Amino acid sequence: RKEKFWAGQLEILNKALQGESVIGLLPTGGGKSLAYQLAAMLQPGICLVIDPIKSLMKDQHDNLKKNQIDACNFINSSLKTRVQKTKETSKLKNGEVLISFVSPERLQMKEFRDTLKEMKENEIYFSYCVIDEAHCVSEWGHDFRTSYLSLGKNAFEFCKTKNKETIPLFGLTATASFDVLSDVQRELTVN
């Protein structure tokens, strides 16, 4: 369906495929999701996507499914039963998904961290960690969602890759000033 890349997509994809971390500023509707989704499908391993809003996770998940990409899931509080959460977490733990959407707070939960540690022990690895709406790291992290300030550290510590010392991070946003981007880069320790 896609005949060409939009401005900025190819640069983001190129850095990602080289295993480098990247911060991408693309306008709303400018193809941020496609950049990380394509990279995730071209690399072995799982892409963990950190989203700030449950409805955003579900929208991205549903759009992937609509395009016949069904190796994806989301794990959040909209899964009402413990059985549903366990089932979706097991899919991640067993490497049955290419893309998994979670909240920043999930990376601070001991049970989820234990799942990530178990994945490494079982040689189930990650390819990327995507921080969608990365401006939230700066705009929300210092005030009411402090879990955003630990995202880089938590991703490096718990999301292990097979061949790299640290997992490549994607920070993607449509709305960020130069100061906000600098803060995001500092907080995520992206070079």
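So here's what we get for this one:
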read-out	value
Residue in segment 131-143 that is of a type outside the set (Val, Ile, Thr), in contact (Cβ under 8 Å) with a residue 60 or more places away in the chain, part of a strand (DSSP E or B) and surrounded by 15 or more Cβ atoms within 10 Å (Cβ to Cβ) present	yes
Verdict on Lys110 being within 16 Å of Cys129 (Cα to Cα), more than 14 Å from the chain's Cα centre (by Cα) and either surrounded by fewer than 20 Cβ atoms within 10 Å (Cβ to Cβ) or among the basic types (Lys, Arg) (or both)	no
Filtered residue count, segment 9-30, keeping only those that are within 22 Å of Phe126 (Cα to Cα) and not in a loop (DSSP other than H, G, I, E, B)	12
Some residue of segment 73-81 being within 30 Å of Ala176 (Cβ to Cβ), in a loop (DSSP other than H, G, I, E, B) and in contact with a strand residue (DSSP E or B) (Cβ under 6 Å, 6 or more places away or on another chain)	no
Restricting segment 90-107 to residues that are open to solvent by less than 30 Å² (accessible area, probe 1.4 Å) and of a type outside the set (Phe, Trp, Tyr), the residue that is nearest to Ser138 (Cα to Cα)	Pro104
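The values are calculated or read from the model by the stated rules, or taken from the named source; none is laboratory data. These numbers come from a predicted model, not from an experiment. So basically every Cβ, Gly included, is an ideal-geometry build from the backbone, and we count neighbours across all protein chains shown. When the accessible area is computed, the model is the full protein with side chains, heavy atoms only, and any ligands, DNA or RNA have been set aside. Shrake-Rupley method; radii C 1.70, N 1.55, O 1.52, S 1.80 Å.
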